[in-house]
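Reviewing the structure listed below.
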Amino acid sequence: MRRRVVVFAVVLAALAFSLSAHAQRGGGGGGQGGSAPPAGTTKISPPVHVDGWGRAVAEKPKDYKPGPAPVRDLSGIWEPAEGWRAGVQANGARDNPSDRNHTLPFTPLGEQTWKSHHPGFGTTAVDIQFNNDPFNICDPIGTPRINLFNLRGVQIMQTKKQVLLLYQNSQVWRNFWMDGRELPKEFDEPRWYGYSVGRWTDDYTFVAQTRGLDERTWIDNAGRPHSDQLMVEETFHRVNADIIELTLTITDPKMYTQPWVALNKFQLGLLPDSFDIREQLCSPSEAATYNTIQAEAVKK
Amino acid sequence: MKHAFHREEHMKQMFILCTVLALTAPVAAHHGNASTENKTVVMKATVVQWLWTNPHTFLKFDAKDDSGNVTQWTAEWNNPSTLVNFGLTAKTFKAGDEVTVTLDGVAKSGAPIGRIKEVMLANGTVMRYDGVAGTGR
């Protein structure tokens, strides 16, 4: 009897879906409420990439060819070249995501620490009530996760002594000192975004190193851990006028037996200099609303 | 017993209030999809509130079943930074708007919470995030 009811319900549902879809295409009366549009008026809102002021980004001509890379210059407004969402990296670092095909060289402590992290994505994903991602409550996203989760717009500026990165995500900035100072061996005050120095290794390649990072942050959206020994190396290679390749390597002997590559030549594309990077902030009150609704979705 | 009752209620909601079809094309939520069951649900709805918020947006709406019973749903959509590229803004919906909402996932708990696939406005425009433009996922 129960089976018959289920079969009937499925058939009914399929029929109803078919009718509904027909109505959506503008071919029917639209059912109750009279809110459906007249036949033939349905149209899809097409995707148009816009900036923070809602202004459309002009498409490049098909025969466009980028100019040569400028010498020792990373400045400009950038976003993932493959597409403006290619830096989301929901399942963890793009080139070593948390999936069946990738295994990180954890130390026993690294494995143990990772198991204590309960992310919403990757092979160790949990329901939200068990999720302990510090970014869920708007703790600073930190380095290197600022590059490994929701990497969207980023403006790079240069002075004689610094390279500065201004990120869309969390609207934070980082600075790489290139005035000759060296990173200390010990840090009295770990920082969410660490302490960074950088240098040009040739006219088109800038290498930055960051240490002194706060252990409360996660490396990526899959909860990969780090210790106070983490060193993040970022290599920015200017391929031409329009492309920077970013390679990011993780070294942390407490958590990993060997360095591993989180981003391998990840391409950033140059945007027009009139592009306004939109606000994308983690608001504690909005996050609380989000978390409450999500908790309702799993409440038994 | 409570569980059985809950399941009956869930089925009633799904098959009487809504239109249901199983699908396999989830849109990833900010904190994961573990709490969501992949299903397509189409409803005529009246907008209650449009929350243009981070990390994700929410549309709250009332949907009425054939018996006239109204259920208020809360449906999650993508981040504003993504949706602006698909024509959506903080002012796309206002309370009282008549729309047709298509969800592609519903809460496993049976609560009237879902994940938006697209929303058709009263003028026939379908607001849709296709998950391809912009790539990423």
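Within a Cβ distance under 13 Å of A:Glu182, other residues only, what is the Lys/Arg minus Asp/Glu net charge? List each step's numbers first, then the result.
Numbers: positive: A:Arg181, A:Lys185, A:Arg199, A:Arg211; negative: A:Asp179, A:Glu186.
Summing Lys and Arg as +1 and Asp and Glu as -1 gives +2.
Candidate cross-link partners of A:Lys43 among the aspartates and glutamates, defined by an alpha-carbon separation under 13 Å and a same-chain spacing of 8 or more, comprise B:Glu118.
Rounded to the nearest 10 degrees, the inclination of helix A:284-298 to the longest alpha-carbon principal axis of chain A is 50 degrees.
Once each of the GluC sites (Glu not before Pro) sitting in a DSSP loop with at most 10 other beta-carbon atoms within 10 Å is removed, chain A keeps A:60-181 as its longest stretch. Here the Karplus relation 6.51 cos²θ - 1.76 cosθ + 1.60, evaluated at θ = phi - 60°, turns the backbone of segment A:212-223 into coupling constants of x, 9, 5, 5, 6, 7, 9, 5, 8, 6, 9, x Hz, with x for every Gly and Pro. Model label points for A:Asp202 and A:Leu183, set 7 angstrom from Cα along the Cα-to-Cβ axis, are 2.3 nm apart.
The trypsin sites (Lys or Arg not before Pro) of segment B:72-120 that meet both conditions, a loop assignment by DSSP and at most 14 other Cβ atoms within 10 Å of the site Cβ, are B:Lys91, B:Lys94. Here A:Lys62 is the anchor, and the lysines within straight C-alpha reach of less than 26 Å, apart from those fewer than 8 places off in the same chain, are A:Lys265. In the distance distribution for segment B:36-135, Cα-Cα pairs more than 19 Å apart total 37 percent.
With neighbours defined as other Cβ atoms within 10 Å of a residue's Cβ, the residues A:Thr123, A:Thr113, A:Thr201 order from fewest to most as A:Thr201, A:Thr123, A:Thr113.
Counting other Cβ atoms within 10 Å, keep those with at most 12, restrict to DSSP loop, and tell me which trypsin sites (Lys or Arg not before Pro) in segment A:85-174 are left.
Filter output for segment A:85-174: A:Arg100, A:Lys160, A:Lys161.
Note on segment B:36-135: lysine pairs with Cα distance below 18 Å, sequence gap of 8 or more or different chains, count 10. Going by neighbour counts of Cβ atoms within 10 Å, the residues A:His49, A:His226 line up, fewest first, as A:His49, A:His226. Modelled spin labels at A:Thr159 and A:Lys265, positioned 7 Å past Cα toward Cβ, are 3.5 nm from each other.
Since every read-out is calculated from the coordinates, none of them should be taken as a lab result. Here the structure is a predicted model, which means the values were calculated and not measured. Don't worry about glycine lacking a Cβ; one is built from the backbone with ideal geometry, like all the others, and counts go over all protein chains shown.
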